[in-house]
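In what follows, a structure is listed as structure tokens, so that the remarks can point back to it.
The values are calculated or read from the model by the stated rules, or taken from the named source; none is laboratory data. Given the structure is predicted, the values throughout are model-derived calculations rather than measurements. Positions of Cβ are backbone-derived with ideal geometry, glycine not excepted, and every protein chain shown enters the neighbour counts. Areas reflect the complete protein model, heavy atoms only, side chains present, ligands, DNA and RNA absent. Shrake-Rupley method; radii C 1.70, N 1.55, O 1.52, S 1.80 Å.
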Amino acid sequence: MSLLENLQWRHAVKAYDPTKKVAKEDLNRILEAARLAPTSSGLQPFRIISVENQELKEKMVAGALNPEVMRDCSHVLVFAAWDSYSEEKIDKVYDYHTDVRALPKGRFGSYTDQLKKMYGAQTADQHFAHTARQTYIALALAMAQAAELKIDSTPAEGFSNEVVDEILGLREMGLKSVSLLYLGYRDEERDWLSSMKKVRVPMEEFVISQ
């Protein structure tokens, strides 16, 4: 199927079959699609925490707007962004770039100096606002890859960030949760949205040509 057909097929599943699990190989493909997402300056200022452990999911249910979805899905992917930028983080990323590309360290020094100056003039809240936005590109690619594999997904912001951050120890990693992606297989009988026609704004209204 084409990408558009896959996107037409998918929807935000409202009920998952808890007996069906996503295969490790398929999960890795979804995670790889997210890892390959473009990010500002190539810094990849976020991480994905993949949660399959049922006990952890049960703990994270507190504060979730869709507790049954979190509880019954196969995996919960937590998209968590850096809480701030730092010179050390920027250097670590670009040192890795030069190592992989067999270039001398400092090859991108003039550019990273600009980044350090720009982010150095900003607050931690401004940093997080920027890093959090980067996660949504990866989230979209993960959903697209899941749809290609005919794996259902539900993106979610309706959860307690404080609860998730505490349970997963994200603060200690310099991360803050931004969004979740539930993965699994729909329960046809309980997923009330499954039988409904997909609805989007008409193209002629959605696209404003200038």
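See the values below:
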read-out: Computed [θ] at 222 nm, deg cm²/dmol, the chain (DSSP H ≥ 4; -39,500 (n - 2.57); rounded to nearest 500); value: -13500 deg cm²/dmol
read-out: By average C-beta atoms within 10 angstrom, highest first, the peptides 69-77, 14-22; value: 69-77, 14-22
read-out: Among S86, S110, S153, residue whose mean-square fluctuation peaks in a GNM of the chain (springs only between Cα atoms under 10 Å); value: S110
read-out: Compactness index (Cα Rg / 2.2 N^0.38 Å), the chain; value: 1.14
read-out: Contact order normalised by residue count of the chain, Cα under 8 Å, 6+ apart, percent; value: 38
read-out: Listed peptides 119-129, 46-56 by packing density, highest first (mean Cβ within 10 Å); value: 46-56, 119-129
read-out: At most 15 other Cβ within 10 Å, DSSP loop - GluC sites (Glu not before Pro), the stretch 111-210; value: E157, E188, E189
read-out: The stretch 90-149: trypsin sites (Lys or Arg not before Pro) in DSSP loop, at most 10 other beta carbons within 10 Å; value: R101
read-out: Residue-normalised accessible area of the chain, given per residue in Å² at a 1.4 Å probe; value: 58
read-out: Full-stretch length increase - L65, K105 - with 0.36 nm per residue and alpha-carbon distance subtracted; value: 9.7 nm
read-out: Reachable lysines from K89, criterion Cα separation under 27 angstrom, eight or more residues apart if same chain; value: K105, K116, K117, K176
